[in-house]
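Values quoted throughout were computed directly from the atomic coordinates according to the rules given, and no laboratory measurement underlies them. These numbers were taken from a predicted model, which means no experiment stands behind them. Neighbour counts are summed over all protein chains in view; Cβ atoms, including those assigned to glycine, are modelled from backbone coordinates with ideal geometry.
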Amino acid sequence: MNTAVNSRALFRAASSTGRAAGSRRILPIDAARGLVMLFSCLAHFAWWIHEVYPDIGATLSGIGMVATPTFLMLSGAMVGMLCATASQNGMDLRSQLFNRGLFLLTVGHFLIALSEAHLTGQFWRTMRGVTVVDSIGICTLTAAFFTTELANRDLCVRIARIGALVLGLAWLANVLWTPSTPAAQMLQNVLIGGNLNRLEFSGHTPLLQYLAIYSIGLPLGHFFASYVRREISLRAVAVRLATIGALLASVGVVLRLIRYLFENTAAFQNPAIELSFKVTEKIPPSPAYLLFFAGCGLMLIGTLFRIAESERSGSRAMLEWVAVIGRASLFVFVLQYFLFWTLPDLVNIHPGRFAAGLFIGNVLLVRLFAGVWGRVRGNRWMTFGIKLRGEPQPGG
């Protein structure tokens, strides 16, 4: 998903390592966004085959879960990086962020609701749902009014710490808050993803938790900005991200092992304790889920930075192939809903022995359409052209 703005204006073409040839973008970041989109495709494919192949679907869905926290952190990181470097590049960042956030909350929301409507035949019901696109849209729209403040790295670090605290408090609310009225239950579903004692799917993403994960990405963006300014090397970025990611994921693994070892004890008959240690508890997101998959996401990004350091043509070609998807990530995110859910139902295709072929075919279609989208510069259409008053002009 393209998080906030086209960051092309940020970067001057420089060394061949880490920068996309012939452009001014950071290749491993684009590749990370593209790879996240492929994980999202895998998750949607898993949900499509789950009714026929429940075990395979559950496994593939679990693998695809790395997409959401990584997606949110990268979205916040892009905004943090843009704010950190806007003054040096004369960007009219406020208007760009405002327009992109508004686009996500309107056109993006509409298209995703449309793609899901065929499942129930109730378009207005899906329009009332809250998705990850809405969470990113809210954050991006809000960031438009605080670009100067978000250029301060220390402030972004404090915001990230508050975000981590919000994640903990939200999980306590998932455990302790048991609303009795329909209105209060709806509010709980939208804000934090529901209550652990009622494990039905709410149809909403947990808004507060997703805003918090996004905020944790803000200082990550300042870290990327240090690389842009050549204050830190490509290898140092890779090592730092891989180390932090490995630590977080290891804690998630430990929690999963504890759950495995003690799942038959009296304590783990309590849903609050049992689900807190469940790595695949996504909505609402458990502590184990957040630690493990956020850690995996950081390791993934670090690995791509490490690959970008390689001088092998095959490594760069692989990054370039995936980066094309990353540069069109919002377009791809919406497209894959239609390819993996809407289209098979419309043409009466059901999961069968050749389901893997459909997945591969759709991935190739995603890459093809992403390439076309990039060639026609489709991201420039994702705006309403609104100019905020008091916007500093480029070069000013």
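At-a-glance table
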read-out	value
Potential extension, SER315-PHE262 segment - 0.36 nm per residue separation minus Cα distance	14.8 nm
Rg/Rg_globular for the stretch 252-361, with Rg_globular taken as 2.2 N^0.38 Å and Rg from C-alpha atoms	1.50
Sites ARG240 and ALA58, calculated FRET efficiency, Cβ-Cβ separation with R0 30 Å, nearest 0.05	0.35
Expected-Rg normalisation [2.2 N^0.38 Å, Cα atoms] applied to the chain	0.97
Exposure proxy ranking, count of Cβ atoms within 10 Å, fewest first, for PHE305, PHE293, PHE146	PHE146, PHE293, PHE305
Protection proxy ranking of 365-373, 72-80 - average other beta-carbon atoms within 10 Å, highest first	72-80, 365-373
Only Lys, Arg (+1) and Asp, Glu (-1) charged, at Cβ; the chain dipole about Cα centre in debye	1220
